[in-house]
Structures are given as C-alpha cells and as structure tokens.
Amino acid sequence: KYLLGTDDQGRDILSALMYGARISLAVGLVSVLLSVALGVGLGLLAGFRGGWVDGFLMRVCDVMLSFPPILVALLIAGVGRAMFPNAHESVAFGVLIVSITLTGWVQYARTVRGSTMVERSKEYVQAARVIGVAPSRIMVRHVLPNVMGPVLVLATIQVATAILTEATLSFLGVGVPPTQPSLGTLIRVGNDFLFSGEWWITIFPGLVLVMI
C-alpha cells in the first residue's frame, strides 16, 4: 500500500517526498532568481561606473566571501525565526529565501563586474556614448545581454547549491516551517529513528536530494 513506507506518524513517505521536493525546488529557484537579479545589477553598476562605486561594492563582496555561506544563511534564518516566532508560514518562507539570496549574489556580482569591465571598452559602447545614449540605457540595452552567458551557467549550478542550503537549514530546524515536509525536514525526522531500524524515513529523502 505504501511503496516507500510510512514515517513515525504513519504518513506516506512517497507523497511527502513529492510534496517536499516541490517545496525544495521552489525555494531553490526563487532564491537563485533573486540572487541573479541582485548580483547582476550590482555587478553591472560596479563594472560600468568604476571608481568608488566599484571599490565599495567589491569590498562588500570581499566581506561576504570571508564568511561561510551556510553560516551567514544560518544566522539570518535564525534571527528571522527569533524575531517572528509565531509568524505566518509565508513569512518563514520569505526569511528562508532572503537568507539564501543574501549568500548567493556575490558570485554573480563579481562575474558580471569582470565581464562588464571588458565590454565597456569595446567599440559598440564607445559608439553609443558618442551618439549620446544614456549610461543606464547602454548598461541595460547593450552591455547586459553580452555578459549574461557566464551568469546562466553559474545559475544552473547555484540552483543545486541553494537546494542543499535549504535542506541544511531545514535539517537544523531554522528552514521551512515544521508543518511543511521539505527534504531537509524529512531527513531530520528520519534521523531520530535511523538507529531503531526505520531507515527508510531518512534514506529515501536523502536519495531524492542527491538526485536533484
């Protein structure tokens, strides 16, 4: 009747995995999209403007890179959970997505900044400046499409990293709400029963996480 068994409360593991994978994928995709938007915007601004703007934004990136991403996400998610202990589930999801976003934008910013510094000295940008095109229009209309190649490659890798970060935070108890069966939550629940012989509660969610 239950292909993958049931959990400690008799609930079907297979249906929980299908629902939990949807949550993990949604959190991973949304957080990566926000990281791309923030990182690409700041990287484009830093690379095109240069000067003190570039220096300030790159020092912020250096500070962010000096801390392990999972530690920063754990801190933000933990503080958010402490500030809103009885908040609605949507607020908890928002805090989780923000915590993953703020740890993932730096790589996009540095990548786009380097590509923008190369593109801004090319002839088509100089020609646009000569005919009086506004700098903001040059950045968005001309430079941005030419720096998006590495970003798309990086984003596909970061989706997996974001899902792992969400699973880690949920496993530690500061991720998605306890009532939502994300993969990290299922692994945490099954971990309590692993040594009592009920291995399927944690093994199957772990396998799904590895496959994703």
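The values are calculated or read from the model by the stated rules, or taken from the named source; none is laboratory data. Just so it is clear, the structure is predicted and the values come from calculations on it, not from any experiment. Virtual Cβ from ideal backbone geometry, glycine too; neighbours counted across all protein chains shown. These area figures cover heavy atoms from the full protein model, side chains too; ligands, DNA and RNA do not enter into them. Shrake-Rupley method; radii C 1.70, N 1.55, O 1.52, S 1.80 Å.
Only one of these is modelled with pLDDT under 85 and within 23 Å of V208 (Cα to Cα): R11, R22, R81. Name it. Talk me through it step by step, then tell me what you get.
Numbers: R22 fails: modelled with pLDDT under 85; R81 fails: within 23 Å of V208 (Cα to Cα).
When all the criteria are applied, what remains is R11.
Could you tell me which residue of region 105-118 is farthest from L169 (Cα to Cα), considering only residues that are open to solvent by 10 Å² or more (accessible area, probe 1.4 Å) and in contact (Cβ under 8 Å) with a residue 60 or more places away in the chain?
From region 105-118, those open to solvent by 10 Å² or more (accessible area, probe 1.4 Å) are 105, 107, 110-111, 113-115, 117-118; that's our starting set.
So of that shortlist, the ones also in contact (Cβ under 8 Å) with a residue 60 or more places away in the chain come out as 105, 107, 110-111, 113-115, 117.
Working: W105: 18, Q107: 21, R110: 26, T111: 27, R113: 30, G114: 32, S115: 33, M117: 36 Å.
Top of the filtered list is M117.
Scan region 52-64 and give yes if some residue there is farther than 30 Å from S196 by Cβ, open to solvent by less than 70 Å² (accessible area, probe 1.4 Å) and touching a residue at least 60 places away in the same chain (Cβ under 8 Å), otherwise no. Give the derivation first.
Taking region 52-64 as the starting set, the residues that turn out to be farther than 30 Å from S196 by Cβ are 52-64.
Now restrict to residues that are open to solvent by less than 70 Å² (accessible area, probe 1.4 Å): 53-55, 57-58, 60-62, 64.
Adding the requirement that they be touching a residue at least 60 places away in the same chain (Cβ under 8 Å) leaves none.
No, region 52-64 has no match at all.
For region 152-207, which positions are of a type in the set (V, I, T) and within 30 Å of V40 (Cα to Cα)? Let's see the steps before the verdict.
First pass over region 152-207, keeping only residues of a type in the set (V, I, T): 153, 156-157, 159, 161, 163, 165, 168, 174, 176, 179, 185, 187, 189, 201-203.
Result: V153, T156, I157, V159, T161, I163, T165, T168, V174, V176.
Kindly list the number of the only condition in (1) in contact with an Asp or Glu (Cβ under 6 Å, 6 or more places away or on another chain); (2) of a type outside the set (K, R); (3) part of a helix (DSSP H, G or I); (4) at pLDDT below 85 that fails for P177.
(3)
Run G94 past the list (1) surrounded by fewer than 17 Cβ atoms within 10 Å (Cβ to Cβ); (2) among the small types (G, A, S); (3) closer than 20 Å to V151 by Cβ and report the number of the one that doesn't hold.
(3)
Could you list, in sequence order, all residues of region 180-201 that are free of Cβ contacts under 8 Å to residues at least 24 places away in the same chain, small (G, A, S) and not in a helix (DSSP H, G or I)? Reasoning before the result, please.
Of region 180-201, the ones free of Cβ contacts under 8 Å to residues at least 24 places away in the same chain are 187-188, 191, 194-197, 199.
Right, trim to small (G, A, S) and you get 196-197.
Within region 180-201, just G197 meets the criteria.
Based on what the data block shows, is L194 more than 14 Å from the chain's Cα centre (by Cα), open to solvent by 40 Å² or more (accessible area, probe 1.4 Å) and more than 30 Å from D7 (Cα to Cα)?
no
Would you kindly identify the helices (runs of 4 or more DSSP H) lying entirely within region 1-100 that contain at least 3 residues that are among the small types (G, A, S) and at negative phi?
The qualifying helices (runs of 4 or more DSSP H) are 13-49, 69-83.
What pairs come up if the first residue lies in region 140-155 and is basic (K, R) and at pLDDT below 90, the second is open to solvent by less than 60 Å² (accessible area, probe 1.4 Å) and not in a helix (DSSP H, G or I), and their beta carbons are under 9 Å apart, counting only those six or more places apart or on different chains?
These pairs meet every condition: R141/V133.
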